[in-house]
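The structure appears below as structure tokens.
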Amino acid sequence: MGNQDKLENMAEEKVGEAKEAVGRASDDKDLESEGKVDQTKANLKQAGEKVKDAFR
């Protein structure tokens, strides 16, 4: 299950990067911010997965 979580987090990060890029290109500050938030959440989840891995 850990690998599935990692893949989902990575996918969420990539979606966030895409939202940020589209927001920046279309001058949509809300979409750009939403993309940054998505990336931050994904990165925090990935950090949690790394901590869990360290204790296995």
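FYI, it's all coordinate maths here, none of it is from the lab. Fair warning: this is a prediction, and the values are worked out from it, not measured in the lab.
Hey, what's the Cα Rg ratio for segment 2-54 versus the globular rule of thumb, 2.2 N^0.38 Å?
1.25
Under 16 Å between alpha carbons: how many lysine pairs meet that in the chain, if sequence neighbours fewer than 8 apart on the same chain are excluded?
Final tally of qualifying lysine pairs is 13.
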